[in-house]
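The values are calculated or read from the model by the stated rules, or taken from the named source; none is laboratory data. All figures in this text were calculated on a predicted structure; none of them were measured in a lab. Heads up, the Cβs are rebuilt from the backbone with ideal geometry, glycines too, and the neighbour counts pull from every protein chain shown. These area figures cover heavy atoms from the full protein model, side chains too; ligands, DNA and RNA do not enter into them. Shrake-Rupley method; radii C 1.70, N 1.55, O 1.52, S 1.80 Å.
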Amino acid sequence: MNPSTEQRIRTVELADTEQTDAAVERAAAAGPGWRAMAPADRARLLRAFADQVDAHRDELARLEVHNAGHTIGNALWEVGNVVDVLEYFAAAPERLCGKQIPVAGGIDITFHEPLGVVGIIVPWNFPMPIAGWGMAPALAAGNTVVLKPAELTPLTALRLGELALEAGFPEGVLTVLPGAGTVVGRRLVTHPLVRKVCFTGSSRVGTEIMAAAAADLTRVTLELGGKSANIVFADADVERAAAAAPGAVFDNAGQDCCARSRILVQRNVFDRFMELLEPAVKAFRVGQPTNTESQMGPLISAAQLDRVRGFVDAADVELAFRGTAPDGPGFWYPPTVVQPTSTTDPVWHEEVFGPVVAVLPFDDEADAIAMANDTAYGLSGSIWTENIGRALRVTRAVEAGNLAVNSNSSVRHSTPFGGFKGSGIGRELGPDALDAFTEVKNVFIATDH
Ligand code: NAD
């Protein structure tokens, strides 16, 4: 469904358990050929896949605009991210080096062996990038992949699967299988031939997946939710921090696990910050995602709209100010700033996953750190200060995997991404991503006979 118009785009049939088993068996059968392929040839195929995606930038971006309501600017970035990730990991097959470790009586060497079939379960919020972050390193390391897109957003993943085949990928190396989480997703987690599951989505489902995976000791990488803090100290460039804050939470209509959905402002600049934030929020352009001027589109679904509304409509939430959103069909919600009455308020500690930000004051550095860490999550966050010592102290003290100083950036394909605490297990992207898709094998060769 197009979330901007509520019109049906296309009907995609959901696979059943038997089809999932067949896809996993095909992936397992394709494994030996894929891992035996010369590293340079596997690298070449990954680059050819990147080229195919690059050549279909506009088509893929348009599909995402229609299916997920992403703005055209965001959707083009997302296709570019898939290209970057494929190119980055295309360098990996030829660099998957082991070690030679000095030992007595022989030679000791290590290998990074692929795991086998990897199941990748993708959510609806960033269908293309999250597919890329799982499949590119998995494939580069010599695994084969069965990827399940979210029920609401299967279209770009299906197209990526076709483009891999057009790039020359052997059948069965990458299968995109649309289906229900409780059918295809669950079967990927419990199928004995699936050796690793990469999941991004809700903490509830992530916890279930980890428990189910434990039965076979299936490896997991989990990227779950977040409730990230944007901490603004009085010694910061408060103008810059306030100008950047809307983009850090309203991008993708707040449906971003890295959204800085809690703003913590030092008490003596709190009023000034709010005065600067208000015009920035009101100027945030919410509109048709096909329009290149739009900075934010609709929410993904009616259910998500209800959920988001529920947080703000709660009796004790004080609305500070809000922007505007179109009327008419579509799952629209305006950028909204609230001041919770206490830190126990759900809007302060639960993941809203919508364009809602909660703002509270803090007194000093220790208070800011304690408030930032008073959450089950630990994914990302920002620290705004001109004091380098404070920046380092606070970044070391905040329990989160991805922090930025005087910036709200979270994701680069060349740096690690993942969460502390309830935000997940494991890291994606960056130089160490292949560790999550390989087993280290140690081999000792006696030389003394
Ligand atoms: P979800 O966790 O239900 O779905 C994510 C993916 O998991 C989908 O592909 C789904 O089909 C699959 N899935 C669902 N149940 C499964 C199961 N039992 N076994 C295996 N796979 C299963 O997320 P949702 O319902 O789409 O969103 C609900 C909330 O989750 C959101 O409001 C948001 O708070 C959070 N969320 C977080 C992220 C993130 O990036 N961290 C992404 C999406 C949603």
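Rolling a 1.4 Å probe over the protein heavy atoms of the stretch 153-213, with every protein chain left in place, gives an accessible area that is 61 percent carbon and sulfur.
Nearest 20 debye, what's the magnitude of the dipole of the chain about its Cα centre given +1 on Lys and Arg Cβ and -1 on Asp and Glu Cβ? Don't skip to the end; give the middle numbers.
Numbers: 37 positive and 54 negative charges, 109 e Å.
That gives a dipole near 520 debye.
Antiparallel as a % of all DSSP beta bridges within the chain, to the nearest 5? Roughly 35 percent of the DSSP beta bridges within the chain come out antiparallel. Straight Cα distances below 18 angstrom link residue 421 to the aspartates and glutamates 208, 223, 256, 350, 351, 374, 399, with same-chain residues fewer than 8 positions distant left out. Note on residue 14: accessible area is roughly 100 Å² with a 1.4 Å probe, heavy atoms of protein only. Antiparallel beta bridges, as assigned by DSSP with both residues in the stretch 305-443, represent about 45 percent of the total such bridges. Rounded, prolate or oblate: which one fits the stretch 13-58, using the alpha carbon gyration tensor with axes a ≥ b ≥ c (rounded when a/c is under 1.5, else prolate when a/b beats b/c, else oblate)? Cα axes put the stretch 13-58 in the oblate bin. Per residue, the accessible area of the chain comes to 41 Å², computed with a 1.4 Å probe over protein heavy atoms only. Mind checking the angle between helix 127-140 and the chain's longest principal axis? C-alpha axes, 0 to 90 degrees, to the nearest 10. Value to nearest ten degrees: 30. Between residue 101 and residue 204, what length comes free when the chain is fully extended (0.36 nm per residue of separation minus the Cα-Cα distance, one decimal in nm)? Net length gain for the segment: 32.8 nm. Note the angle between two axes, namely the Cα long axis of helix 17-36 and the longest principal axis of the Cα atoms of the chain, as a number of degrees from 0 to 90, rounded to the nearest 10. In the chain, helix 17-36 runs at an angle near 60 degrees to the longest axis. Each peptide in 28-41, 105-118 gets a packing score, the mean of other Cβ atoms within 10 Å over its residues, and the list from highest to lowest is 105-118, 28-41. With 20 Å bins beginning at zero, the pair-distance distribution over Cα atoms of the chain amounts to 25, 53, 20, 2, 0 %.
Is the stretch 70-168 best put as rounded, prolate or oblate by its Cα gyration tensor, with a ≥ b ≥ c the root eigenvalues, rounded for a/c under 1.5, and otherwise prolate when a/b is larger than b/c, oblate when not? Mind showing how you got there, number by number?
Working: a/c = 2.93, a/b = 2.42, b/c = 1.21.
Because a/c hits 1.5 or more and a/b exceeds b/c, the stretch 70-168 counts as prolate.
Computed from Cα positions, the angle between helix 238-250 and the longest principal axis of the chain comes to roughly 60 degrees. Going by accessible surface with a 1.4 Å probe and the largest first, 97, 257 read 97, 257. Peptides 45-54, 305-314, 287-296 ranked from most to least packed, by the mean per-residue count of other Cβ atoms within 10 Å: 45-54, 287-296, 305-314.
Each peptide in 126-132, 414-420 receives the mean, over its residues, of other Cβ atoms within 10 Å, and ordering these scores from highest gives 126-132, 414-420. Of the solvent-accessible surface of the stretch 318-389, computed with a 1.4 Å probe over protein heavy atoms with every protein chain present, carbon and sulfur atoms account for 53 percent. Of the residues 348, 77, the one with the largest accessible area comes first in the ranking 77, 348, computed with a 1.4 Å probe on protein heavy atoms.
What is the percent carbon and sulfur in the accessible area of the stretch 228-291, measuring with a 1.4 Å probe over the protein chains and ignoring ligands? Mind dumping the intermediate values first?
Numbers: 1060 of 2200 Å².
The computed percentage sits at 48.
The 3J(HN,Hα) values that the Karplus relation (6.51, -1.76, 1.60; θ = phi - 60°) gives for the stretch 296-308 are, in residue order, 8, x, x, 6, 6, 7, 4, 5, 5, 4, 4, 4, 5 Hz. Gly and Pro appear as x.
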